[in-house]
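**Student:** Quick one: the structure is below, and I'll ask about it shortly.
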Amino acid sequence: MARVAFIGLGRMGHGMAGRYLDAGFSVAVWNRSKAKAEDLIARGARWATSPEDAAIDADAVVTMVADDEASRAVWLGADGAAASMKQGTLAIECSTVSHRHALDMAGELRRRGLVYVDCPVTGLPDAAASGKLTLLVGAEAADLDKARPFLAPVGSTIRHFGAVGSGTVYKLINNLMGAIQIAGIAEGLAIAEQAGLDMKLVLEAVETGVAASPQVIRHSRRMAERNFAGATFTAALRHKDAAYAVALAESLLAESPLVARAAVESYARAKNVAPDDDEAKMIEIVSRPKG
């Protein structure tokens, strides 16, 4: 039986870990809060006392944590997973991290004889729980082939962008575009409200018009109705991802990324007001009328 260590049981990670149990893997789990693991333990997962404990005898270690700092801690911290991983073990990073971090982590883990696969994902928590995520992979072809049996339970689509780091490059592009679109629709709806437009008609026009991206369609009605229940992505995470994307853009582009910077500033405001609330709550910040 293949053995997986899964580290990080947040909105996405919990469902992903459950998929490995569904697929018949032997699964060890670790999270800062054990409470989030209780139902997985009841289904047969082994609770680990640390990432290092989780990784003992694992064939693959999969992480889904918040940011660079959390990623470094669970891989290389005092009780990090790398300390107990045997040579040749797959280190699959599904977290959204910075490009620089992905490259640095790959180098460090390779020096320890481990196989690093850059594998951020797209999809909502329901896709994570049903194994229908899209996996954005950066890895050598041979390493991806080795990882495929461990990716199949969680993803229905694999997009292989190239070497390590390339999956993260696309993930940051994707999430930056999302930040720009969500901030844009918040401001657009706020203008419509303050101008006294019929919001039912506005939503109909938005959802069927040329600007109707999946992000716009998903958030516009929720924003207009001020329905922020069941947060799937927080303002703090959107800000983090957009900031990582700006850092990447500044390392590659001659001109300053003005639109991207504006999105970061917008989400910095949202993060300061309601960091753990749904990102769509942006509209409450921008919709105040001019005094």
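The values are calculated or read from the model by the stated rules, or taken from the named source; none is laboratory data. Every value quoted in this text rests on a predicted model; they were computed, and no experiment measured them. When we count neighbours, we look across all protein chains shown, and the Cβ atoms used for this are built from the backbone with ideal geometry, even at glycine. We work out accessible area using only protein heavy atoms, side chains counted, and drop any ligands, DNA or RNA first. Shrake-Rupley method; radii C 1.70, N 1.55, O 1.52, S 1.80 Å.
**Student:** Which of (1) closer than 27 Å to MET12 by Cα; (2) β-branched (Val, Ile, Thr); (3) over 17 Å from the mean Cα position of the chain (by Cα) is the odd one out, the single condition ILE191 does not satisfy?
**Tutor:** Going through the list (1) closer than 27 Å to MET12 by Cα; (2) β-branched (Val, Ile, Thr); (3) over 17 Å from the mean Cα position of the chain (by Cα), ILE191 breaks only (1).
**Student:** So which of ALA231, ALA235, ALA212 ends up being in contact with a strand residue (DSSP E or B) (Cβ under 7 Å, 6 or more places away or on another chain) and either farther than 11 Å from ASN175 by Cβ or not charged (D, E, K, R) (or both)?
**Tutor:** It is ALA231.
**Student:** Which one is nearest to ILE191 (Cα to Cα) among residues in the range 258-289 that are acidic (Asp, Glu) and in a helix (DSSP H, G or I)?
**Tutor:** GLU284
**Student:** Looking for something over 28 Å from ASP67 (Cβ atoms), in a helix (DSSP H, G or I), open to solvent by 50 Å² or more (accessible area, probe 1.4 Å) and not small (Gly, Ala, Ser) - is there at least one such residue anywhere in the range 222-242?
**Tutor:** The answer is yes; a qualifying residue exists.
**Student:** So which residues in the range 10-39 are assigned to a loop (DSSP other than H, G, I, E, B) and either within 19 Å of the chain's Cα centre (by Cα) or polar (S, T, N, Q) (or both), if there are any at all?
**Tutor:** Across the range 10-39, the qualifying residues are GLY10, ARG11, MET12, ASN31, ARG32, SER33.
**Student:** In addition: Tell me whether the range 160-173 contains one or more residues that are farther than 26 Å from TYR267 by Cα, among the small types (Gly, Ala, Ser) and either over 17 Å from the mean Cα position of the chain (by Cα) or open to solvent by 10 Å² or more (accessible area, probe 1.4 Å) (or both).
**Tutor:** Scanning the range 160-173 turns up at least one residue that is farther than 26 Å from TYR267 by Cα, among the small types (Gly, Ala, Ser) and either over 17 Å from the mean Cα position of the chain (by Cα) or open to solvent by 10 Å² or more (accessible area, probe 1.4 Å) (or both).
**Student:** Which members of the range 95-140 meet the condition of being open to solvent by 40 Å² or more (accessible area, probe 1.4 Å), more than 30 Å from ALA231 (Cβ to Cβ) and of a type in the set (A, V, I, L, M, F, W, C)?
**Tutor:** LEU103
**Student:** Another question, if that's okay. Output the number of the condition that GLY8 fails; it satisfies all remaining conditions of (1) within 23 Å of HIS239 (Cβ to Cβ); (2) open to solvent by 10 Å² or more (accessible area, probe 1.4 Å); (3) not polar (S, T, N, Q).
**Tutor:** GLY8 satisfies every listed condition except (2).
**Student:** Here's something else I'd like to know. Report yes if GLU38 is closer than 27 Å to LEU248 by Cα and open to solvent by 50 Å² or more (accessible area, probe 1.4 Å), otherwise no.
**Tutor:** Considered against the rule, which asks whether it is closer than 27 Å to LEU248 by Cα and open to solvent by 50 Å² or more (accessible area, probe 1.4 Å), GLU38 comes out as no.
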